[in-house]
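Chemist: I have a structure here, written as structure tokens, and I will follow up with some questions on it.
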Amino acid sequence: MAQTQHDAASMQALLEKQKAAHLRDGPPSPEKRIERLDRCVGLLVDNRKAIEDALNADFGARSPDATAFADVASSIGPLQHAKANLRKWMRPERRKTTPALLGLFGAKAELRFQPKGVVGVISPWNFPVNLTFTPLAGILAAGNRAMIKPSEHTPATSELMARMFGGAFSEEEIAVVTGGPDVGQAFASLAFDHLLFTGATGIARHVMKAAADNLTPLTLELGGKSPVILGRSADISIAAARIMNGKTLNAGQICLAPDYVLAPKETLDSFVGEAEGAVRKMFPTIKDNPDYTAVIAQRHYERIMGHIADARAKGARVIEIKPDDEDLTQQEHRKIAPTLIIEPTDDMTVMQEEIFGPVLPVKSYKAVDEAIAYVNAHDRPLGLYYFGDDQAEREKVLTGTTSGGVTVNDVVFHVAQEELPFGGVGPSGMGSYHGVDGFREFSHRKSIFTQMKKDIGPLLQMRPPYGQAFRKYLDGAIKR
């Protein structure tokens, strides 16, 4: 059974237990990997209601339908995809020999995918189930064992996952440890064979420092300010509906949420009107609407409200979209109405850090080059979103900016593509997973060269004493 109270010593003992089991049992068969993936799917199916209830308790108010979609169904898909494809992923890859002449005489070059061993997973609070189970698709498909440290900000969900995994897996296969920042720091300091961290860039720096002592290879899935560039050819009504859907899902508490919009100056007012209409259609009310999620904690609520107050004080036009004109100052939960900040300036805090809430700055531009330059003047984001049908402009945006990934004519959706790697670049992350790329991220790619059996001329001439044949080879190799 998975324990829920751990210190550094007990976590070290767990790691040693898993590493010993990995060495004892060797790489698991395809059948064993599939069986482990099946157990994960079973946990999600059997515990759907418990997951919905736990996340609602942790957030104070979280849509059970959004949880079923984003944390349950969206986790099952990657696990099923891995089950269906892992046999193919596991096959060795034949490579050409260098020089090719060696291959003609029987030499072989191949790449094999070997389990790394024990993978540590530090998962976040915003989608705690999804961002635990989705990486497990690649981790388990690659034949690894896992230790999981879920967020202390979602204690009910973290304890539920500890019970779920504890009832379906031995501690030699998957173990869950819970606790606060001190446990997280000790966890990141363990000598894992690979460590995945999903969370804030600031915390990632501490994780990376802790992992450095053991030279633990890392995958960092972070975030940043993911921009939307509205092209002049965009359908503003469709774009606004899709952007506001992405911005209000989980109340904007998504690493890939559209963080700000860059709109042509002449269409800014039209976009604002369409965005207001889209929100009214999705959420006729906010305060007691079960479809609208609360902010996770008081400090995050105060941080987001601080952004709004700062923007208002510095002269921005602030539009709170409250279709029923509700008073949200007195409420049981921490709900913040979708809020547009029109023409923000860079001295406003809302433009200086990832918002992670239902607040959307909208900034105008005159030419698309101006929008591209604005994006490039800031940290490389996890996602970028372009709306429009102008192919030349689209290519200009795609080639002229650098981001972890891109969705064209929508937001967030590239994360759902199992055939595309998901990851950041620079401050938004390193490494990537999903699908075959997740399998490879959590595998050791072992290069194997098998020499030809006979000692023929080309091999013999490379040994001392060196003669004319070897010097002739060198003369042929050292040339422009």
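Chemist: Taking θ as phi - 60°, what are the ³J(HN,Hα) couplings along region 288-295 by the Karplus curve (6.51, -1.76, 1.60), each to the nearest whole Hz, with x for Gly and Pro?
Modeler: Each residue of region 288-295 in turn: 10, 7, x, 7, 9, 8, 7, 6 Hz.
Chemist: Moving on. Helix 8-25 versus the longest principal axis of the chain: what angle, 0 to 90°, nearest 10, using Cα atoms?
Modeler: Orientation of helix 8-25: about 50 degrees from the principal axis.
Chemist: Sticking with this structure for a sec: Where both residues lie in region 294-398, what percent of DSSP beta bridges are antiparallel, nearest 5?
Modeler: Looking only at bridges with both residues in region 294-398, the antiparallel portion is about 50 percent.
Chemist: OK, next. If we restrict to alpha carbons, what Rg and Dmax does region 87-152 come to, in Å?
Modeler: Over region 87-152's Cα set, Rg and Dmax evaluate to 18.5, 60 Å.
Chemist: Let me ask another. Could you let me know the centre-to-centre spacing of region 1-61 and region 206-277, using Cα atoms, in angstrom?
Modeler: Between the Cα centre of region 1-61 and that of region 206-277, the gap is 31 Å.
Chemist: Checking a compactness column here: for region 273-402, what do you get for Rg(Cα) / (2.2 N^0.38 Å), N being the number of residues?
Modeler: 1.18
Chemist: Moving to a separate point now. In square angstrom, rounded to the nearest 10, how much accessible surface does Val408 have for a 1.4 Å probe?
Modeler: Its heavy atoms expose roughly 50 Å² to the probe.
Chemist: On a 0 to 90 degree scale, rounded to 10, what angle separates helix 201-212 from the longest Cα axis of the chain?
Modeler: Taking Cα atoms only, the helix is inclined about 20 degrees.
Chemist: What distance in nm separates the simple spin-label points at Ala313 and Asp410, each placed 7 Å from Cα in the Cβ direction?
Modeler: Reported label-point gap for Ala313 and Asp410 is 4.0 nm.
Chemist: Given a cut-off of 25 Å, what percent of all Cα-Cα pairs of region 41-171 lie beyond it?
Modeler: 37 percent
Chemist: Further question on the same structure: Counting heavy atoms of the protein chains only and a 1.4 Å probe, report the per residue accessible area for the chain as a whole number of Å².
Modeler: On a per-residue basis, 44 Å².
Chemist: Over the chain, what is the relative contact order in whole percent, taking alpha-carbon pairs under 8 Å and six or more residues apart?
Modeler: Taking the mean separation of contacting Cα pairs over the length of the chain, I get 19 percent.
Chemist: Can you give me the P(r) profile for region 149-274? Cα pairs, bins 10 angstrom wide beginning at 0, each as a whole percent.
Modeler: Per 10 Å bin, starting at 0, the Cα pair percentages come out as 11, 29, 25, 18, 14, 3, 0.
Chemist: While we're looking at this one, here's another question. Note down the relative contact order for region 306-448 as a percent, whole number, built from C-alpha pairs under 8 angstrom at least six residues apart.
Modeler: Details: 192 pairs, mean separation 21.8, N = 143.
After rounding, I find 15 percent.
Chemist: Relative contact order of region 271-381: what whole-number percent is it, with Cα pairs under 8 angstrom and at least 6 residues apart?
Modeler: For region 271-381, the relative contact order is 26 percent.
Chemist: Further question: How much of the accessible area of region 202-307, probe 1.4 Å, is carbon plus sulfur, in whole percent?
Modeler: It is 55 percent, rounded to a whole number.
Chemist: Further question on the same structure: Would you work out what percent of the accessible area of region 40-195, with all protein chains in place, is carbon or sulfur (probe 1.4 Å)?
Modeler: Using a 1.4 Å probe with all protein chains present, region 40-195 comes out at 55 percent carbon and sulfur.
Chemist: Any chance you could give the angle, 0 to 90 degrees and rounded to 10, that helix 74-90 forms with the longest Cα principal axis of the chain?
Modeler: Tilt of helix 74-90: around 10 degrees.
Chemist: For region 1-90, list log₁₀ I(q)/I(0) at each q in 0.14, 0.15, 0.18 Å⁻¹, using the Debye formula over Cα point scatterers of equal strength and ignoring solvent, two decimals each.
Modeler: -0.76, -0.84, -1.00
Chemist: Quick one: give the max-minus-min coordinate of the C-alpha atoms of region 413-456 along each principal axis, largest first, in Å.
Modeler: 55, 23, 15
Chemist: Could you tell me what fraction of 2.2 N^0.38 Å the Cα radius of gyration of region 253-295 comes to, as a two-decimal ratio? Walk me through the intermediate numbers first.
Modeler: Details: Rg = 13.1 Å, N = 43, 2.2 N^0.38 = 9.2 Å.
Dividing the Cα radius of gyration by 2.2 N^0.38 Å gives 1.43.
Chemist: Strictly over 27 Å apart at the Cα level, which of Lys88/Lys108; Lys322/Lys366; Lys225/Lys396; Lys49/Lys287; Lys247/Lys366; Lys32/Lys88 would you flag in this model?
Modeler: Lys322/Lys366
Chemist: Which percent of the accessible area of region 348-454 is formed by carbon and sulfur heavy atoms (probe 1.4 angstrom)?
Modeler: Looking at region 348-454 in its full context, I get 51 percent from C and S.
Chemist: For Lys479, which lysines qualify as cross-link partners when the Cα separation must be under 26 Å and same-chain residues fewer than eight apart are set aside?
Modeler: Lys96
Chemist: Give the label of the value calculated from the structure for semi-axes √(5λ) of the Cα gyration tensor in Å, choosing from [x] 45, 31, 19; [y] 39, 33, 24; [z] 44, 22, 20.
Modeler: The value computed from this structure is option [x].
Chemist: How many percent of DSSP beta bridges within the chain run antiparallel, rounded to 5?
Modeler: The antiparallel proportion sits near 35 percent.
The values are calculated or read from the model by the stated rules, or taken from the named source; none is laboratory data. Because the structure is a prediction, the values reported are computed rather than measured. Quick reminder, even Gly has a Cβ in these numbers, built from the backbone with ideal geometry, and neighbours come from all protein chains shown. Only protein heavy atoms, including side chains, enter the accessible area calculation; ligands, DNA and RNA are left aside. Shrake-Rupley method; radii C 1.70, N 1.55, O 1.52, S 1.80 Å.
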